[in-house]
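Would you mind keeping the following structure in view while I ask a few things?
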Amino acid sequence: MPGALRERGIFAVSLAAVLAGLVGGLAAVGFRALVSLVTTLSFFHEPGPVFRAPLDHHLGLLVVLVPLAGGALIAVLTRLLPGEGGVGTPEVIEAASLRGGQMPLVRTLKGALLAALSLGTGGSAGREGPIVQLGGLAGGITGATKWFGRQDRRVLVACGAVAALAATFNAPIAAVVFGLEVVLLEFRTQSFVPLVIASVAGTSVGRFILGNKPTFVLPPDLFALGSPAMLPLYALLGVGAGLLGVVLLAMFEAAEAWKPPGWLPPIAVPVLGGAALGVFGLVEPRLLGVGYETVNGVFNHELASPDLLGLLLILLALKPLAVVVTLRAGGSGGVFSPTFFEGACFGLLFGLGVQHALPNLGADPASFALVGMAALFAAVSRATLTAIVLVVELTLSFDIVLPVMLACVLADLIAWTRHPGSLYSTKLAAKGRPVPAEVQPNVLDVVLVAEVMERDAMPLAASASLRDYLDRSMATGRQAFPLVDVEGRLNGIVTRTDLRLRGGTLTLERPIAALATRDVIVAFPDETVHMAIDKMVARNIGYLPVVDRSDPGRIVGWLTREKVLSVERLRLDTPD
């Protein structure tokens with residue numbers, strides 16, 4: 001969108017991004033506080049000002065009752081509250097890619113409430129999914145005015161989601177990359193600038209309320225590459241993470257397709273799922289809840305002892321099953337955190353193997369855990385750049401750049417060859433709402449109106465009669481013509497629809513100007529065809545006079561729906 005119109009648009013969206021960022025950050029903080037409240041009430045029977053992980057409970061065998069009671073409460077609220085209640089990043093992608101930035105208010109709020117209850121009573125899922133969706137809702141509400149078009153609303157939804165993610169992770173750069181790479185699937189200045197502004201606002205809110213603390217507490221100097229000879233080991237780690245990612249993708253895809261048997265009452269599914277989670281909690285309490293305390297324990301060498309290999313294997317095998325039970329039994333949450341959990345445990349096991357097989361390398365198993373976490377996330381989310389940036393931002397170490405880049409891209413490649421979709425696209429495809437799995441160029445964004453418009457607009461004089469219109473229409477096959485005054489300047493437009501709506505009793509000598517539309521929507525030669533399509537769709541019209549931007553009264557061409565559709569047959573000049 002060249003010129004002043006583009007500048008006004010990006011400034012308006014950037015200003016709105018501040019509000020979306022502030023509200024998105026508050027939404028993230030508020031959701032975290034709600035999960036903490038439910039968790040402390042459920043496992044410790046008292047509201048505490050500080051989050052306490054379910055791992056620290058003293059309920060003994062009674063811990064089984066907590067997820068069971070949570071499942072029962074979720075079953076009741078699901079039936080009593082309006083809307084469906086699904087939450088997560090896929091819903092934000094759907095709103096940005098398919099709904100033009102429209103976020104469902106009731107469904108999002110219901111889903112967030114159910115997610116907080118699920119996570120707070122031991123549900124094995126992530127809090128980032130609901131947080132991202134609440135942020136997206138904040139952006140969607142900000143953009144729900146007549147000042148913003150469809151593309152602006154898409155960007156503002158992403159702004160709110162990015163701000164919420166930045167607030168909860170205290171990682172503003174990675175959050176922006178996530179918004180571009182996953183939510184919008186585009187890299188444009190008109191998107192990048194508002195996303196950065198929203199991320200700054202959301203991060204500021206998070207730091208003001210929660211403090212300037214990272215999500216993952218890493219020991220000083222955790223990562224040191226040492227010898228370049230270790231790079232092949234990180235490459236092997238990436239391959240292993242890619243294969244594990246394929247398994248997880250297949251598991252989650254099968255879980256999405258699973259339907260409870262018809263003879264089972266719907267209210268029984270969450271209750272049985274809660275009971276199953278309680279059994280998981282008896283086997284190993286670390287399987288309950290979000291699990292970041294376990295990830296932090298991995299990074300701080302609390303689980304790096306060879307004596308704990310059995311525990312790591314249990315966590316690696318049962319965590320995905322606990323997540324599937326949580327989500328398919330009616331619980332809510334995201335898969336961000338479980339992927340980090342699984343990747344860190346896998347990386348730590350790999351690192352312990354390296355330490356045992358090659359003791360002279362002096363490798364720190366926790367370093368492999370950190371890279372493994374990023375590599376597995378890249379494999380299942382296809383947000384490879386986000387994973388790389390997140391780890392670098394968390395560690396503030398350039399030593400980790402080469403290993404994490406190598407491991408992440410190999411994990412992404414391995415997963416892509418076996419399962420082209422991502423965790424998010426798989427969930428949307430299961431709903432019958434496929435979205436692109438990767439950024440692709442859109443020919444409508446690179447072709448200008450001037451390249452496809454008809455040069456001869458064939459204007460009618462404003463003094464022409466209906467007979468003149470019909471004669472011109474029969475001779476040319478057109479159904480619409482611009483009208484010009486005696487000086488040849490645009491005066492209106494007349495179409496067959498105008499005749500039908502305003503015609504009344506028609507006579508051939510009736511002045512055509514009496515039937516014309518005076519409020520004319522126009523296109524400019526230096527606009528893209530995509531912008532012209534947006535105008536046509538917004539007003540449900542099939543014709544646009546093309547005028548000189550510096551002299552809007554001078555007609556320079558004529559754009560029709562047929563010309564616009566012909567652009568889709570064009571192909572970018574790139575090799576197959």
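7 Å from Cα along Cα→Cβ at both residue 313 and residue 450: what's the point-to-point distance in nm?
7.0 nm
Estimate the FRET efficiency between residue 458 and residue 106 by the formula 1/(1 + (r/R0)^6), using the beta-carbon distance for r and 45 Å for R0, to the nearest 0.05.
Once rounded, the FRET efficiency stands at 0.35.
Here is a follow-up. Projecting each Cα onto the charge dipole of the chain (Lys/Arg +1, Asp/Glu -1 at the beta carbon, about the Cα centre), which of 209, 173, 529 comes out farthest on the positive side?
Among 209, 173, 529, the one farthest towards the positive end of the dipole of the chain is 529.
Using 1/(1 + (r/R0)^6) with R0 = 41 angstrom and r between the beta carbons of residue 257 and residue 519, what's the FRET efficiency to the nearest 0.05?
So the FRET efficiency works out to roughly 0.20.
For region 443-567, what does the relative contact order come out to in percent, with C-alpha contacts under 8 Å and a separation of six or more? Show your work: numbers first, answer last.
Details: 215 pairs, mean separation 42.3, N = 125.
So the answer I get is 34 percent.
Find the relative contact order for region 3-210 and round it to a whole percent, using C-alpha pairs within less than 8 Å whose residues are 6+ positions apart. Don't skip to the end; give the middle numbers.
On the way: 400 pairs, mean separation 64.2, N = 208.
In percent, rounded to a whole number, it is 31.
Within 10 Å of each residue's Cβ, count the other Cβ atoms and sort 63, 409 from fewest upward.
In increasing order of surrounding Cβ atoms, one gets 409, 63.
Okay, moving on. Which GluC sites (Glu not before Pro) from region 464-540 combine a DSSP loop assignment with at most 13 other Cβ atoms within 10 Å?
Passing sites in region 464-540 are 487, 509.
In which sequence would 531, 474 go, from the one with the fewest C-beta neighbours within 10 Å to the one with the most?
With the sparsest Cβ surroundings first, the list reads 474, 531.
DSSP loop (so not H, G, I, E, B), at most 14 other Cβ within 10 Å: list which chymotrypsin sites (Phe, Trp or Tyr not before Pro) in region 142-230 pass both filters. Present the calculation step by step, with values, prior to reporting the outcome.
Values: sites: 147, 148, 169, 178, 187, 192, 208, 216, 223; in loops: 147, 148, 187, 216, 223.
Passing sites in region 142-230 are 147, 187.
Given (1) 44; (2) 57; (3) 33 as candidate values of percent of Cα pairs over 36 Å apart, which corresponds to the one derived from the coordinates?
Read-out from the structure maps to (1).
Ranking request for peptides 393-399, 306-312, 556-562, 154-160: highest mean number of other beta-carbon atoms within 10 Å first, then the rest in descending order.
Descending mean neighbour count gives 154-160, 556-562, 393-399, 306-312.
Do any trypsin sites (Lys or Arg not before Pro) in region 460-546 lie in a DSSP loop with no more than 12 other beta carbon atoms within 10 Å, and if so, which?
Here the trypsin sites (Lys or Arg not before Pro) that fit, given the DSSP loop and packing criteria, are 518.
If you don't mind, there's one more thing I want to ask. Over region 296-379, what relative contact order in percent results from Cα pairs under 8 Å that are six or more residues apart? Could the numbers behind the result be given before it?
Details: 98 pairs, mean separation 28.5, N = 84.
About 34 percent, as a whole number.
May I pose another question? Label residue 62 and residue 321 with points 7 Å out from Cα along Cα→Cβ: what is the distance between them in nm?
Inter-label distance under the simple model: 2.8 nm.
What helices in the chain pass both tests, a Cα length along the helix axis of 18 Å or more and a mean Kyte hydropathy of 0.0 or higher, using whole DSSP H runs?
On the way: long enough: 3-44 (60 Å, 1.49); 65-80 (22 Å, 1.86); 105-120 (22 Å, 1.36); 128-142 (21 Å, 0.75); 150-169 (29 Å, 0.74); 189-210 (31 Å, 1.29); 231-257 (39 Å, 1.74); 268-283 (23 Å, 2.08); 309-328 (29 Å, 2.19); 336-357 (32 Å, 0.95); 365-381 (24 Å, 1.81); 401-418 (26 Å, 1.72).
Those that clear 18 Å and a mean of 0.0 are 3-44, 65-80, 105-120, 128-142, 150-169, 189-210, 231-257, 268-283, 309-328, 336-357, 365-381, 401-418.
Any idea what the dipole of the chain comes to, in debye rounded to 20, about its Cα centre with Lys/Arg Cβ at +1 and Asp/Glu Cβ at -1? Kindly include the intermediate steps, with their values, before the conclusion.
Numbers: 43 positive and 43 negative charges, 355 e Å.
Roughly 1700 debye for the chain.
Among 473, 543, 559, whose Cα lies farthest out toward the positive end of the dipole of the chain, if unit charges sit on the beta carbon of Lys, Arg (+1) and Asp, Glu (-1)?
473
Oh, and also: If I take R0 = 45 Å and measure r between the Cβ atoms of residue 188 and residue 76 in this structure, what FRET efficiency does the formula 1/(1 + (r/R0)^6) give, to the nearest 0.05?
The calculated FRET efficiency here is 0.50.
Computed from the coordinates by the stated procedures, all read-outs in this text should not be read as laboratory data. This structure is a prediction, so every number in the text was calculated from the model and none was measured. Note that each Cβ is placed from the backbone with ideal geometry, even for glycine, and that neighbours are counted across all protein chains shown.
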